[in-house]
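Visitor: Once you've had a glance at the structure underneath, I'll fire off some questions.
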Amino acid sequence: MIVSRRTFAAATASGLLTASAASAAELGNPDNPPQGRPAIKDNPRSSNVPGPQNKVLDAQFPSSVMPPSTDHGEVENFWFPFAQANRRVQDGGWTRQVTVKELPIATTLAGVDMRLTAGGIRELHWHLPAEWAFVLYGNARITAFDQDGRNYVADVSAGDLWNFPSGIPHSIQGLEPDGTEFLLIFDDGNFSEYSTFLPTQWMAHTPVEVLTKNFGVAANAFDQIPLHELYIFQAPLPAALKEDQLRATGPQGPTPESFAYSLLKQKPNFSSPHGEARIVDSKNFPVSSTIAAAHVIVRPGAMREMHWHPNADEWQYYISGTGRMGVFASGDNIRTKDFHAGDVGYVPRSMGHYIENTGDNDLVFLEIFRSSHYASISFSQWLGHLPPELVKAHFRFSDEMLKALPKNGDTTVVG
Ligand code: MN
Ligand code: MN
């Protein structure tokens, strides 16, 4: 009889085998030496924590306190919660960020969570990286201006995206009834939201004679300019959208392409009783040439299948629900971590992973990539598209199992 790793673990757990009975060495880790709950045989106190303990945190991270027995080795930390990010609170809103300083593994993308009150403004600015955003709550007015003198003014709501390419100047303002909260993604993990180009700072640090020459006005026009950055500030609500669009548009007209996109109004690319996925990249949102994303819903008990991405690292934002992700970092290095609403996850390019809904409600999250296009390789579909003998020679699968490997359809979320 060939003892599979799973039947071996089950057998040892139920006491049918002793640790030395099977050829554990050939099964590889975690069986040599055994780790995890099945490894505890003689002393049930092997896993308790008699020393100092943060019981609140421990309760939220069962996959760290008692990992699956298959976890092994070392994997660089791939989790950071926005709840632990320092919040910059001003009159009109707040912001907090997860960059490579908070999550060193996340080198390709950085994320910002920002709240603006009704009327609250994120100061006019621009920056080197492109900015991709997902509206989490409420309503906002965005503006932009391009290199051909064309302007853009639009309103966005929860479930909408925007994308401002590198260097394009823009602004964001909260609308009624209660402003907005949104996630910003920059295509550079080192980028800090506090290093944007702010026009208040440029003016305050430019000689007045240069300002008067540049704008063609008298020097007293600049008597009231702020001497410090505003960054976020409370302001009156803007005019009606149509009126703002009309007054901001010049002879060159508005930008030909929209900087916003209604992702949640898009028909799902994948839909089944187990969940939904909506993909957005440069194919359906052309202005988003450097960032691709998927909005994924996993029903209770279901799972975003085992897969990897051949083209880019994945930056995740958990919108709601509870889940756990296992990351396979090659070799025998594999680690499981729990995720909650507001958490950030990160999976380097080509590392295998799955995300399982471990709660009673839908698990909703964003997969975001620094790429013009979304790409994902399914583990089960790959095996289903190989000569069956080749698969059998590796895994000793039965003919029945070989037939069960998927060849058709989409297995993005399984259950
Ligand atoms: Mn920006
Ligand atoms: Mn993924």
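Visitor: List, in order, the whole-Hz ³J(HN,Hα) value for each residue of region 182-192 obtained from phi through the Karplus relation with A = 6.51, B = -1.76, C = 1.60 and θ = phi - 60°; use x for Gly and Pro.
Guide: 8, 9, 9, 10, 10, 7, 7, x, 7, 5, 10
Visitor: How long is the chain along each principal axis, judged by its Cα atoms, biggest number first, in Å?
Guide: That works out to 92, 52, 35 Å along the principal axes.
Visitor: Just to check I understand the Karplus step: with θ = phi - 60° and J = 6.51 cos²θ - 1.76 cosθ + 1.60, what whole-Hz values come out for region 297-308, glycine and proline as x?
Guide: 10, 10, 5, x, x, 8, 8, 5, 4, 5, 6, 8
Visitor: Please turn the phi angles of region 197-213 into ³J(HN,Hα) values with the Karplus equation 6.51 cos²θ - 1.76 cosθ + 1.60 (θ = phi - 60°), one per residue in order, whole Hz, x for glycine and proline.
Guide: Using θ = phi - 60°, the values come out as 7, 10, x, 4, 6, 5, 4, 5, 10, 10, x, 4, 5, 6, 4, 5, 5 Hz.
Visitor: Taking the number of other C-beta atoms within 10 Å as the exposure measure, put D362, D332, D146 in order starting with the fewest.
Guide: Ordered from fewest to most neighbouring Cβ atoms within 10 Å, D362, D332, D146 come out as D332, D362, D146.
Visitor: Still on this model: Could you put H394, H307, H340, H295 in order, starting from the residue whose Cβ has the fewest other Cβ atoms within 10 Å?
Guide: H394, H340, H307, H295
Visitor: Provide F339, F191, F80 in ascending order of the number of other Cβ atoms located within 10 Å of each residue's Cβ, fewest first.
Guide: Result, fewest neighbours first: F80, F191, F339.
Visitor: Label points 7 Å out from Cα along the Cβ direction at K283 and K265: separation in nm?
Guide: 2.2
Visitor: Can you tell me the Rg and the Dmax, both Å, for the Cα atoms in region 108-261?
Guide: Considering region 108-261 through its Cα atoms, Rg and Dmax are 16.0, 46 Å.
Visitor: A further question on this structure: With the Cα gyration tensor of region 222-268 in hand, convert its eigenvalues to equivalent ellipsoid semi-axes via √(5λ) and list them largest first in whole Å.
Guide: 30, 19, 12
Visitor: Hey, another quick one. Leaving out same-chain residues fewer than 8 places away, which lysines sit with a Cα under 20 Å from that of K403?
Guide: List returned: K392.
Visitor: Another question, then. Mean separation of Cα pairs under 8 Å and 6+ residues apart, divided by the residue count of region 194-300: what relative contact order is that in percent?
Guide: Once divided by the residue count of region 194-300, the mean separation gives 16 percent.
Visitor: Based on the Cβ-Cβ distance of L386 and D410, what FRET efficiency does E = 1/(1 + (r/R0)^6) give at R0 = 25 Å, to the nearest 0.05?
Guide: Rounded to the nearest 0.05, the efficiency is 0.85.
Visitor: Kindly provide the trypsin sites (Lys or Arg not before Pro) of region 63-170 that DSSP labels as loop, not H, G, I, E or B, and whose Cβ sees at most 15 other Cβ atoms within 10 Å.
Guide: R87, K101
Visitor: Shifting gears a bit: Are any of the pairs K55/K101; K101/K337; K101/K213; K41/K337; K283/K407; K242/K267 more than 30 Å apart by Cα-Cα distance, and if so, which?
Guide: K101/K213
Every read-out reported here was derived from the displayed coordinates using simple, explicitly stated rules and does not represent laboratory data. Since this is a predicted model, take the numbers as computed values, not measurements. Cβ: placed from backbone, ideal geometry, glycine included. Neighbour counts: every protein chain shown.
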